[in-house]
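In what follows, a structure is listed as structure tokens, so that the remarks can point back to it.
The values are calculated or read from the model by the stated rules, or taken from the named source; none is laboratory data. Bear in mind the structure is a predicted one, so any value in this text is a computation, not a measurement. Because the Cβ atoms are built from the backbone with ideal geometry, glycine has one as well, and the counts that use them run over all protein chains shown. Note: accessible area is taken over every heavy atom of the protein model, side chains too, but ligands, DNA and RNA are not part of it. Shrake-Rupley method; radii C 1.70, N 1.55, O 1.52, S 1.80 Å.
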Amino acid sequence: MVSDRLFIGTKRYSSWSMRGWLCVKLAAPDVQDVLIPLAGGGNTAAIKDVSPTGKVPYLEHQGAVIWESLAIADYCAELVPALWPQDRVARAHARSIAAEMHAGFRGVRVAMPMNLGRDNRPLAQGYDAEVADDIARIDAIWSQTRARFGGDGPYLFDADFGIADAMFAPVVARFLSYGVVLSPVAAAYAQAVRGHGLVDQWYREAAAEPESWQLERYENVP
Ligand SMILES: N[C@@H](CCC(=O)N[C@@H](CS)C(=O)NCC(=O)O)C(=O)O
């Protein structure tokens, strides 16, 4: 029996799965992925059958069961503490921005659903104020974190891709596919995240998913 499993959704669409998956791959690469294709609209019966919340990501690891992407990320940091910055002040900042991402940015999440297989630029016309505020705040987080803690490395906290980067990786994917114009520092950060090996692996595996997993509601957005 396989006991270490990470349940995720369709890679093309599931931004929360991407966050959990990146953290688990960094901390416990032997954990088996169990991909359940999303049915759309939060109605995936097979996910409801396994996950306490009816949502993915959901992790079973050595007797522990963990749901909510941020809790999974924190659990991963128990296995590999360097997933959070080791400096107390930097770690406080990293926890704050990861929590802000987990709890917020509803405007961007609703207006810009993640779809890794589509050029979303034609959709990105005329954001409302909530979306524009979210974009400005995310740009400020990335720019200010890079300026204060970024060092010489390309990520938020220098050379090590950590939990804060994983939490924002699906936002990077959205900004790139919707053609969101960012400040130069934020744009360079977005490119660095896109170029990370695990992020690229997720994209490649998303591209290899069967067409039958694609959902009308996420492909033909008006
Ligand atoms: N707050 C949760 C959000 C998880 C979530 O909404 N996951 C979506 C996929 S991205 C889901 O499982 N939806 C169930 C479904 O579509 O049936 C987390 O951080 O893990």
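Odds and ends about this structure:
- Counting protein heavy atoms only, the chain has 52 percent of its accessible area on carbon and sulfur, 1.4 angstrom probe.
- Cα-based shape type of segment 1-44, given that a ≥ b ≥ c are square roots of the gyration tensor eigenvalues and the cut on a/c is 1.5: oblate
- Protection-proxy order for peptides 209-220, 70-81, 9-20, each taking the mean of Cβ atoms within 10 Å per residue, highest first: 9-20, 70-81, 209-220
- Couplings for segment 41-49, taken from phi via the Karplus curve 6.51 cos²θ - 1.76 cosθ + 1.60 with θ = phi - 60°, read x, x, 10, 7, 4, 5, 6, 4, 5 Hz in order; Gly and Pro are left as x.
- Charged-residue dipole, Cβ positions (Lys, Arg, Asp, Glu), the chain about Cα centre, Debye nearest 20: 260
- A simple rule links phi to the HN-Hα coupling: the Karplus curve 6.51 cos²θ - 1.76 cosθ + 1.60 with θ = phi - 60°, which for segment 27-32 gives 9, 8, x, 7, 4, 7 Hz, with x for Gly and Pro.
- Three-way shape call for segment 120-222 based on the alpha-carbon gyration tensor, with the a/c threshold at 1.5: oblate
- For the chain, convex hull of alpha carbons as volume per residue, Å³: 120
- Solvent-accessible heavy-atom area per residue, rounded to whole Å², over the chain at 1.4 Å: 46
- Amide H contacts for GLY153 (H built 1.01 Å from N in the peptide plane; partners 5 or more residues away or on another chain; cut-off under 5 Å): ASP158, ALA159.
- Separation of alpha-carbon centers, segment 10-88 and segment 176-207, rounded to whole Å: 20
- Mean Cα-pair separation over length for the chain, i.e. relative contact order, pairs under 8 Å, 6 or more apart, %: 25
- Shape category assigned to segment 38-128 from the gyration tensor of Cα positions, a/c cut at 1.5: oblate
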